[in-house]
1. Go through the range 70-86 and report how many residues are in contact (Cβ under 8 Å) with a residue 24 or more places away in the chain, closer than 13 Å to Gly15 by Cβ and not acidic (Asp, Glu).
2. Quick check: is even one residue across the range 94-108 at negative phi, in contact (Cβ under 8 Å) with a residue 24 or more places away in the chain and loosely packed, with under 13 Cβ neighbours inside 10 Å?
3. Please state which one of Arg30, Arg111 is more than 20 Å from the chain's Cα centre (by Cα) and either exposed (fewer than 13 other Cβ atoms within 10 Å of the Cβ) or under 21 Å from Ile8 (Cβ atoms) (or both).
4. Residues being of a type outside the set (A, V, I, L, M, F, W, C) and in contact with a helix residue (DSSP H, G or I) (Cβ under 7 Å, 6 or more places away or on another chain): count how many of those fall in the range 1-53.
5. What tally of residues in the range 14-44 results from selecting those that are under 18 Å from Ser58 (Cβ atoms) and of a type in the set (Gly, Ala, Ser)?
6. Suppose we filter the range 1-13 for residues that are more than 18 Å from Asp56 (Cβ to Cβ) and either basic (Lys, Arg) or in a strand (DSSP E or B) (or both); how many remain?
Amino acid sequence: MKLTRLKIENGRYFGAVESTTSPTPIDLYRNGENCGTCEITQQTDGLWQVAIDLPDHSITQGHTDYLLVQNGSTDILDSFSISVSCADAPNLETQLRLLREELNMLKSAFRRQSRK
């Protein structure tokens with residue numbers, strides 16, 4: 001079975017499987033934990049849509065890897081990662097202020113060197 005990823009949108013994975021018969025169930029795994037079984041619905045003859053909601057608790061700060069595995073098998077059909085980070089505004093402002101001060105120091109040193 002070949003699973004083709006279509007998109008990941010609004011916390012939901014969408015894919016497609018081409019098959020003349022109903023595909024074997026597909027499970028979503030994160031860190032070795034089964035997060036659920038995909039919904040598989042027939043779109044047209046031989047084309048099936050695969051969809052699953054990513055569990056809210058699985059989307060956390062940092063990097064998370066997901067695997068889509070054929071049920072009862074170790075065959076990985078698809079994998080993807082989600083990276084989440086928060087910009088720390090006060091820390092960014094401090095870094096920016098420090099960079100500006102260093103730039104001003106370099107400008108002053110350059111001007112002094114140029115006068116010599």
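1. Qualifying residue count for the region: 3.
2. Of the range 94-108, the ones at negative phi are 94-108.
Now narrow it down to the ones that are in contact (Cβ under 8 Å) with a residue 24 or more places away in the chain: none.
No, every residue in the range 94-108 fails to be at negative phi, in contact (Cβ under 8 Å) with a residue 24 or more places away in the chain and loosely packed, with under 13 Cβ neighbours inside 10 Å.
3. On the way: Arg30 fails: more than 20 Å from the chain's Cα centre (by Cα).
Exactly one residue qualifies, and that residue is Arg111.
4. Narrowing the range 1-53 to residues of a type outside the set (A, V, I, L, M, F, W, C): 2, 4-5, 7, 9-13, 15, 18-25, 27, 29-34, 36-37, 39, 41-46, 49, 53.
Subsequent filtering for residues that are in contact with a helix residue (DSSP H, G or I) (Cβ under 7 Å, 6 or more places away or on another chain) retains 30.
Total meeting the criteria: 1.
5. As a first pass, look at the range 14-44 and keep what is under 18 Å from Ser58 (Cβ atoms): 14-15, 26-39.
Those still in the list that are of a type in the set (Gly, Ala, Ser) too: 15, 32, 36.
Selection size over the range 14-44: 3.
6. Residues of the range 1-13 that are more than 18 Å from Asp56 (Cβ to Cβ), as a first pass: 1-7.
Next, only the ones that are either basic (Lys, Arg) or in a strand (DSSP E or B) (or both) stay: 2-7.
Of the residues in that region, 6 qualify.
To keep it simple, each residue is scored yes or no on (1) in the same structural domain as Ser73 (by TED's automatic domain parsing); (2) assigned to a loop (DSSP other than H, G, I, E, B); (3) under 14 Å from Asn71 (Cα atoms).
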position: Thr21; (1), (2), (3): yes, yes, no
position: Leu28; (1), (2), (3): yes, no, yes
position: Asn34; (1), (2), (3): yes, no, yes
position: Ala51; (1), (2), (3): yes, no, no
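The values are calculated or read from the model by the stated rules, or taken from the named source; none is laboratory data. Given the structure is predicted, the values throughout are model-derived calculations rather than measurements. Heads up, the Cβs are rebuilt from the backbone with ideal geometry, glycines too, and the neighbour counts pull from every protein chain shown.
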